[in-house]
1. If the cut-off is 18 Å between C-alpha atoms, which lysines fall inside it for LYS406, apart from same-chain ones fewer than 8 positions away?
2. Nearest 5 is fine: what % of DSSP beta bridges in the chain come out antiparallel, could you say?
3. Using protein chains only and a probe of 1.4 angstrom, how many square angstrom of TYR367 are accessible, to the nearest 10?
4. How do 59-68, 91-100, 276-285 rank on mean C-beta neighbours within 10 Å, highest first?
5. Mind ranking ARG16, ARG221, ARG156 by accessible surface for me, highest first, 1.4 Å probe?
6. Of all the Cα-Cα pairs you can form in region 514-616, what percent are over 19 Å apart?
7. Given an 8 Å cut-off on Cα distances and at least 6 residues of separation, report the relative contact order of region 180-264 as a percent.
8. Label GLU181 and TYR336 with points 7 Å out from Cα along Cα→Cβ: what is the distance between them in nm?
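The values are calculated or read from the model by the stated rules, or taken from the named source; none is laboratory data. Because the structure is a prediction, the values reported are computed rather than measured. A quick note on method: Cβ atoms are made from the backbone with ideal geometry, for glycine too, and the neighbour counts reach across all protein chains shown. Quick note on the areas: whole protein, heavy atoms, side chains included, nothing else; ligands and nucleic acids left out. Shrake-Rupley method; radii C 1.70, N 1.55, O 1.52, S 1.80 Å.
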Amino acid sequence: MAEHLETLLKTSRLYRPTAQTVERAYIKDYDAAYQASIANPERFWDGIAKELEWFSPWHTVLEWKYPWAKWFLGGTCNITCNCLDRHVRSWRSNKVAVIWVGEQGEERIFTYAELYRQVNRCANALTRLGMQQGDRVTIYLPKIPEQIIAMLACARLGLIHSVVYSGFSAPALESRIQDAEARLAITADYGYDRGTAIPLKPVVDKAVANCPTIEKTIVVRRDKQGGDLRAGRELDWDEWLEGESTACDARPLDAETPLYVLYTSGTTGKPKGVVHVHGGYMVGTYITTKYVFDLKDEDVYFCVADPGWVTGHSYIVYGPLLNGATVLMAEGKPDYPTPGRWWEIIEQYGVSIFYTTPTAIRLLMKYGEDWPQHHDLSTLRILGSVGEPINPEAWEWFHRVTGGDKPIMDTWWQTETGSILVTPLPCVPLKPGSATRPFPGIEADVVDKNGRSIGTGGGFAVIKKPWPSMMRTILNDPDRYLSYWNTIPGCYTAGDVCHKDDDGYFWFMGRADDVVKVAGNRIGTAEVESALVSHEAVVEAAVIGKPHQTAGEMIKGFVILKQGQQETPELIDHLKQHVQMELGKIAVPREIEIVTSLPKTRSGKIMRRVLKAKELGQDPGDISTLEE
Ligand code: 6R9
């Protein structure tokens, strides 16, 4: 850790915002804004919430019964009224809400009025199926506009959406449907990956076979020729919506009504269903999108995430639409059909805000500066990065190829936090590799394991007070929710190792637990281990994250084989295929090493820390508890 720190510190050059950037920004003086917000956070959040529309106002901003929070008590709202109705009633009605660019070169454009009509039709169709407030709907779609429409339609009725990333395999989808006890699944015939059509419907068929709660499956058919549907149980999306009215009032909901559940990896094999609610999540995503990206009506905002992950929920769908923005959503990979793909999109649509990931930047870096140089990127004004620490080299490259004067917002947050918590604002001087300072209203700190503030040096990232967009619980597992607030007394523990420098800048350095960030995607080592162990040739497995040049981290598995099993290249391939089948492509270990023993504590716990230190040629630290 110490070495890593030193390199970070050496490269910490300060980039000051241009006068023009500060002049334009909502927040021109970070320190003043932050101090004012933190002097009375409830007053701060109260003021932000009042920028939005509510059916009825709240009587209490926060009820905090440690560690359970309720925000905007007594208030009623519906997040979709602020994403749609509010704009449709204004001059924004004919403003472009969503530009979708497909991998096959297609383009679909929705104005706010059109999006509103589509969402209403979908909501009416959901009601016709008998869906009731509180019911769960699993959405397993590729990155197409129907994903946004389905999410908003659920929210409009108070149904709880559970979006599952369409790269997950059938068993992973199945366990998520089962945990959520979803009544309905929404999917598509195909997704596309670098030109290849990836069938999704068969994955759903396989998963749903073991999910008795699912009553119907709706299928978006991109290829009208493709795939028959089973009468009664399966419906074609277009036919399902046919004849539905384009009017549907949003249901007034108590502010604490669940909006969605989103599964994320933790330190056990079972993913956690993170629950967010209408009121607080709306306030958090609204204001962070506005202040961090300095979002204005004339912007074209391009976020490369997939709505299957939290960044897509908060910063493709809810945050930007709450602000009445024009959102660009592009299907496909950054280097397909050429490494100029994203630069071309930026030029073609005049993108002004571009929110991407360190992994994508490193990938594009490999193809060289010619690609961005061949495009007019002069419309860009604010850049963003999310998902993992951005190394200073990638930061500098991104900054240089986009013109050298556009600020990069390195935004730190989590599925559980709902919205961005530690981040620059455009007026804040930047240090490449640092997420800089906490967002207004957020009391973040770096502490030791007893909760004592650490001046400078490494420690654990914590949040010391509740905030509106925080998760409310883990579905079916409140104890796991409690563990976030029990680990370090009095604080929300994020699970990240962090360092704070003399200027109060935060440097996030990765996870303190067994969560790996592969290309920014969150994978629990325990999930990969249980997938490996479920293979017939395997007795035991341990999985670690290892630094990787483009993906940030990669997965390495150590496997003990059953007696009589031979270590062959074919077997290693089988093991990889098996993990792909169990979890999906993103979770497949890049390396698998066959071993005869694993380092364990006397109580039998695998010491992944020791494996990792050995793998990286580092000092394993205290190994006095080691059995073998
Ligand atoms: C938004 C998202 C959360 C974990 C988090 C941390 C890592 C995210 C980061 C970052 C350094 C950043 N992380 N953003 N680390 N700098 N700007 O990624 O949510 O998938 O739940 O992952 O991602 O380790 O704890 P999620």
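1. LYS28, LYS290, LYS296, LYS431
2. 60
3. Accessible area of TYR367: about 100 Å².
4. Working: 59-68: 13.0, 91-100: 18.1, 276-285: 28.8.
In decreasing order of mean packing, 59-68, 91-100, 276-285 become 276-285, 91-100, 59-68.
5. ARG16, ARG221, ARG156
6. 38
7. Reported as a whole number, the value is 27 percent.
8. 3.9
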